[in-house]
Amino acid sequence: MEDYIVKDIALAPSGHQKIKWVKQHMPLLSSFEEEFAKTRPFEGVKISLSIHMEAKTAYLCKVLAAGGAQLAATGSNSLSTQDDVAAALAEDGLHVYAVHGIDEEGYFAHIEQCLSHKPNIIIDDGGDLVGMVHSKRPDLAAEVWGGCEETTTGIIRLKAMEKDGVLRFPMVAVNDADCKHLFDNRYGTGQSVWDSIMRNTNLLVASKTVVVCGYGWCGRGVAMRAAALGARVIVTEINPIRAMEAKMDGYAVMKIEQAAPEGDFFISVTGCCKTIPLSIMEKMKDGAILCNAGHFNCEVDMDAIEAAAVEKREARKNIMGYRLPTGQWIYIIGEGKLVNIAAADGHPAEIMDLSFAVQIMSALYVKEHHREMENKVIDVSDEIDDRIARRKLAAWGVEIDTLTPEQADYLASWKV
């Protein structure tokens, strides 16, 4: 196990500057760092972490290390890795394995390096650490007490493993916590996706038609921000309940074949493969712009458009244009990878303050309760959600009401 693998350790000063900035806007993590420096709750615990390697994640790593954790970290997407941030963590003495733009082979080599740490707890984003333990490194499974999964996509993979009876340790579904998906997925994804689209295209959103594929919490956020920017929004869905929600929220709802010729921007947020296949791209207008806001780069069929294009050119940084045999140009941001992180800075710091607080408290829960946990996907407890929410409100200086004893008794009773 190498101490670290980064592009250039000399980039560290810039990374430290970025981490210092986000720390100023992450009061929950700052309070955990101060508390952990005294209590050291992770003393001697080995944690392997794979989340997008940028400043907010780096600060999470530093907080866990302040709590005594022996930490190894890697990125969960090669395009989201910021080399200066990785260098800053390495300079601070953490084991970090992340290089921006590395190929798939190198990416999985870094995943394996991170696991060579022989972790007790895994903090995952998309499921690649857990996946490798179960496929290539089953020898490590006995060391793992359990872990935490950050994303919808990762939880889908974990539940499939649980269903097949192959999950070898418990995993906490961090994404499903109220303090995560109600805020990170909706407000974080909503803002950061449009931040990426606007900075990379430099185009107006008002007056455009935006097609949002998928109306889960991330899709809701993307659609909400598009409408606020003045766009006409079309939602495509396979779930009839979500389709009704989108309709009642004021959006047009239709099949993707109907939406294809109407859209100016297409954002896929489904967690499924080939949401936007070549057959749909061929129906789009000339100049249509596509991107993916799901974790893995399988939602836009990149292999198919790469094979079918009769011409290809870089239109702008992070935007590749493809001319199809049907004549039109289709533009794709960030190679079809997670657009808000592969081609921008990811979620706002205040949002990740909430999400990473859930990660920290879930990791603590695994440490304290793993002996009685089954090898299943475990929900975050209401108590953890409540504690985080109250802590965040306190950081904002917000006070809320509490029930009187009489009110508590009334709500707990079935009697009139």
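If we scan the range 56-63, do we find a residue that is at pLDDT 95 or above and charged (D, E, K, R)?
yes
Limited to the range 294-307, what total is found for residues that are of a type in the set (A, V, I, L, M, F, W, C) and either in contact with an Asp or Glu (Cβ under 8 Å, 6 or more places away or on another chain) or without any contact (Cβ under 8 Å) to a residue 12 or more places away in the chain (or both)?
Residues in the range 294-307 being of a type in the set (A, V, I, L, M, F, W, C) and either in contact with an Asp or Glu (Cβ under 8 Å, 6 or more places away or on another chain) or without any contact (Cβ under 8 Å) to a residue 12 or more places away in the chain (or both): 2 in total.
Within the range 118-132, which residues are surrounded by fewer than 24 Cβ atoms within 10 Å (Cβ to Cβ) and closer than 19 Å to Glu374 by Cα?
Result: Asn120, Gly131.
Does His110 satisfy the criteria of being within 23 Å of Lys136 (Cα to Cα) and at pLDDT 95 or above?
Yes: the conditions hold for His110.
Hey, any hits in the range 68-81 for a residue that's at positive phi, in contact with a helix residue (DSSP H, G or I) (Cβ under 8 Å, 6 or more places away or on another chain) and either modelled with pLDDT of 95 or more or hydroxyl-bearing (Ser, Thr, Tyr) (or both)?
Yes, the range 68-81 contains a residue that is at positive phi, in contact with a helix residue (DSSP H, G or I) (Cβ under 8 Å, 6 or more places away or on another chain) and either modelled with pLDDT of 95 or more or hydroxyl-bearing (Ser, Thr, Tyr) (or both).
So, restricting to helices (runs of 4 or more DSSP H) that lie completely within the range 175-262, which ones have at least 1 residues that are closer than 21 Å to Ala343 by Cα?
The helices (runs of 4 or more DSSP H) meeting that bar are 189-201, 217-228.
Of all the residues that make up the range 327-341, how many are assigned to a helix (DSSP H, G or I), open to solvent by 10 Å² or more (accessible area, probe 1.4 Å) and of a type in the set (A, V, I, L, M)?
The total comes to 1.
Restricting the search to the range 296-325, which residues are polar (S, T, N, Q) and either assigned to a strand (DSSP E or B) or at pLDDT below 95 (or both)?
Asn297
Quick one: count up the residues across the range 215-274 that are under 18 Å from Trp194 (Cα atoms) and not aromatic (Phe, Trp, Tyr).
Counting residues in the range 215-274 that are under 18 Å from Trp194 (Cα atoms) and not aromatic (Phe, Trp, Tyr) gives 25.
With the structure loaded, tell me whether Ile122 is part of a helix (DSSP H, G or I), touching a Phe, Trp or Tyr at 6+ places or on another chain (Cβ under 9 Å) and in contact (Cβ under 8 Å) with a residue 60 or more places away in the chain or whether it fails that test.
Spelling it out, it is not the case that Ile122 is part of a helix (DSSP H, G or I), touching a Phe, Trp or Tyr at 6+ places or on another chain (Cβ under 9 Å) and in contact (Cβ under 8 Å) with a residue 60 or more places away in the chain.
Considering only residues that are small (Gly, Ala, Ser) and out of contact with any Lys or Arg (no Cβ under 8 Å at 6 or more places or on another chain), which ones fall in the range 247-275?
Within the range 247-275, Gly250, Ala259, Ser268, Gly271 qualify.
Within the range 8-21, identify whether any single residue is of a type outside the set (Gly, Ala, Ser), surrounded by 19 or more Cβ atoms within 10 Å (Cβ to Cβ) and without any contact (Cβ under 8 Å) to a residue 60 or more places away in the chain, and answer yes or no.
So far as the range 8-21 goes, no, none of its residues is of a type outside the set (Gly, Ala, Ser), surrounded by 19 or more Cβ atoms within 10 Å (Cβ to Cβ) and without any contact (Cβ under 8 Å) to a residue 60 or more places away in the chain.
Out of all the residues in the range 91-104, which are open to solvent by 10 Å² or more (accessible area, probe 1.4 Å) and either at pLDDT 95 or above or outside any helix (DSSP H, G or I) (or both)?
Result: Glu91, Asp92, Gly93, Leu94, His95, Val99, His100, Gly101, Ile102, Asp103.
Kindly provide the set of residues from the range 369-408 that are exposed (fewer than 11 other Cβ atoms within 10 Å of the Cβ) and either within 21 Å of the chain's Cα centre (by Cα) or in a helix (DSSP H, G or I) (or both), ordered by number.
Arg371, Glu372, Asp382, Glu383, Trp396, Pro405, Glu406
Can you name the residue in the range 141-166 that is under 21 Å from Tyr365 (Cα atoms) and out of contact with any strand residue (DSSP E or B) (no Cβ under 7 Å at 6 or more places or on another chain) and, of all such residues, is surrounded by the most Cβ atoms within 10 Å (Cβ to Cβ)?
By that ranking, first place goes to Thr151.
Residues in the range 227-244: is at least one open to solvent by less than 10 Å² (accessible area, probe 1.4 Å), more than 17 Å from Met254 (Cα to Cα) and touching a strand residue (DSSP E or B) at 6+ places or on another chain (Cβ under 9 Å)?
no
The values are calculated or read from the model by the stated rules, or taken from the named source; none is laboratory data. Computed from a predicted structure; not experimentally measured. Don't worry about glycine lacking a Cβ; one is built from the backbone with ideal geometry, like all the others, and counts go over all protein chains shown. Just so you know, the surface numbers come from the protein's heavy atoms only, side chains and all, with ligands and any DNA or RNA stripped out. Shrake-Rupley method; radii C 1.70, N 1.55, O 1.52, S 1.80 Å.
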